[in-house]
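The values are calculated or read from the model by the stated rules, or taken from the named source; none is laboratory data. Keep in mind that what you see is a predicted model, and the values were worked out from it rather than measured. Glycine also receives a Cβ, built like all others from the backbone with ideal geometry; neighbour counts cover every protein chain displayed. Keep in mind that these areas ignore ligands, DNA and RNA; they rest on the heavy atoms of the full protein, side chains included. Shrake-Rupley method; radii C 1.70, N 1.55, O 1.52, S 1.80 Å.
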Amino acid sequence: MSQFGAKGALLVRDIAQSEKGTLPPYNDEVVRAVVDECQEHHKSIMKLIRDIQEQGTSLDAANPDDAASILVHHQAVLRNKRALLVYLNERMRRVRALRWEVGTGLPEVVGENLSHSERGFFTQYSALVNRYQGRRGGVGLNLTLDPTPPKDHKVQVRVLEDYGEIVTRDGAVDLSKNTVHLMWRDEAQPLITEGVIEQMAE
Amino acid sequence: MDDLSQALESTSSQNPDNDIARLKRAYINEKCAPELLPFQGELLARVTEQVEQQEATVSSSRAAAAAGGGSGGGGGGAVDDLMAHIYHAELNRVRFMLRAYYRTRLFKIEQHVVHVVKEEEVFARLSAREQEYATGYTNMVEEHFGSVLGQLPERYTSMLQQIEEDEGEFDMVPEPSLDKHVFCRVKEDRGDFIIDPDDPENTFDLVHNNIIMVRYRFIKALLEEDAVELI
């Protein structure tokens, strides 16, 4: 009896104790265990109902012990369902946040921790956002730029790793490690997010 | 120099009648309100057009200056550079507000997407593209949750009802809380105003420029009439 909901609690603790913004590996094992537990409860409920019907009494007039058992199993399923959804929902939120922080390319390291369905979600969500942002049928503005109000329209950046040459509004810029450049904000921002360059403190 | 101060005056966000100031207010209102406000389609269309025009002017004058010979008159060149700098700064700020406005609304939609799609009145406050976005997002969420929920015993698989019943309510759909407290500034004199419809004797004198903190639910109507703004 005390085991009802224990696995569900495990799932919730798993995601609640992880650091916000990270994604621990998808706990397929426990999720499956919780789902199986629900099926077990359901079987118990159906058996209890059958027993009552065999005895010839209607469900409403059933023995209060049996009625209580059915109710407990039912509530246990609901509790497990809730735990599952908490787990899925919180992970889904973090996957979604990835699109806004990292962009359309999902880093391998993170991708390994996602379930198949979550990876599918990321791809679909990326496409949804791209469609909304795009020029055709969308608003025509890259919404991931400018998370904070801009102060200067040019930023001084230092290159962190060899990236090669890029073409900017002012011409070609050679991004080799440890060089310093003055770039337009909107061109520098995606590279800053990717980690190729960093903004220099003033 | 007169041109400069004139140009700045007309685009200054201190000037309450211009579109950029309205955009700023729309953005701040949207950020503070717990629910989605009606989409300011016309305002955004006007501002977007102005931004594009402004950009075209600035880059064509830059190109002209560059083509006209790099050593163009010293004094004139410096002022042009300063103007370009100022225009760019302004453009960046306006673009930031546009982006932030769209973003804030998208986040709000995602937070309560099933509620947004189900309630006609809320759905009507979205732009056409946002409506597409909302329905798309709902489908994705349903599919993703469905991959696990689908394995639960029958009648427990819905993500809208805890247990599927014909007459049951959709008890799993969260709604935004309209009882959240907000700060607002009063924009017009309204005299004695009944804040809480359940408590008609408790009136409050709404005077221009007063700042009050109150539950969103009570000033919702005033916000729609533009008699208050959220801060």
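Some notes on this structure:
- Tally of residues being assigned to a loop (DSSP other than H, G, I, E, B) and open to solvent by 40 Å² or more (accessible area, probe 1.4 Å) across the range A:123-136: 2
- Selection count where residues are over 23 Å from A:Gly171 (Cβ atoms), modelled with pLDDT under 75 and assigned to a helix (DSSP H, G or I), scope the range B:48-99: 4
- Among the residues of the range B:149-164, those identified as touching a residue at least 12 places away in the same chain (Cβ under 8 Å) and at the interface with another protein chain (Cβ under 10 Å from one of its Cβ atoms) are B:Ser158, B:Met159.
- Residues of the range B:89-140 satisfying the condition of being surrounded by fewer than 17 Cβ atoms within 10 Å (Cβ to Cβ), within 22 Å of A:Val95 (Cα to Cα) and either of a type in the set (S, T, N, Q) or touching a residue at least 24 places away in the same chain (Cβ under 8 Å) (or both): B:Gln111, B:Thr135, B:Asn139
- Any strands (runs of 3 or more DSSP E) falling wholly within the range B:165-231 and containing at least 1 residues that are touching a Phe, Trp or Tyr at 6+ places or on another chain (Cβ under 8 Å) and free of Cβ contacts under 8 Å to residues at least 40 places away in the same chain: B:181-186, B:191-194, B:203-206, B:211-215
- For first residues located in the range A:22-34 and β-branched (Val, Ile, Thr), partners that are part of a helix (DSSP H, G or I) and open to solvent by 60 Å² or more (accessible area, probe 1.4 Å) and lie 6+ apart or on another chain with Cβ distances below 6 Å form the pairs A:Val30/A:Lys7; A:Val30/A:Leu10; A:Val34/A:Lys7.
- Condition met for A:Ala83 (out of contact with any helix residue (DSSP H, G or I) (no Cβ under 9 Å at 6 or more places or on another chain), within 30 Å of A:Glu40 (Cα to Cα) and assigned to a helix (DSSP H, G or I)): no
- Qualifying residue in the range A:46-69 (condition: open to solvent by less than 60 Å² (accessible area, probe 1.4 Å), of a type outside the set (Lys, Arg), under 25 Å from B:Met159 (Cβ atoms) and within 14 Å of another protein chain (Cβ to nearest Cβ)): no
- Considering residues of the range A:116-143 that are among the β-branched types (Val, Ile, Thr) and within 18 Å of B:Arg103 (Cβ to Cβ) only, the residue modelled with the highest pLDDT: A:Val129
- Hits in the range A:169-187 (condition: within 34 Å of the chain's Cα centre (by Cα) and within 14 Å of chain B (Cβ to nearest Cβ)): A:Met183, A:Trp184, A:Arg185, A:Asp186, A:Glu187
- So B:Ser177, is it of a type in the set (Gly, Ala, Ser), surrounded by 10 or more Cβ atoms within 10 Å (Cβ to Cβ) and in contact with a helix residue (DSSP H, G or I) (Cβ under 7 Å, 6 or more places away or on another chain): no
- For the range A:97-122, residues that are free of Cβ contacts under 8 Å to residues at least 40 places away in the same chain, surrounded by fewer than 14 Cβ atoms within 10 Å (Cβ to Cβ) and within 12 Å of another protein chain (Cβ to nearest Cβ) total 1.
- Test: residue in the range B:210-220 that is under 30 Å from A:Arg82 (Cβ atoms) and open to solvent by 70 Å² or more (accessible area, probe 1.4 Å): yes
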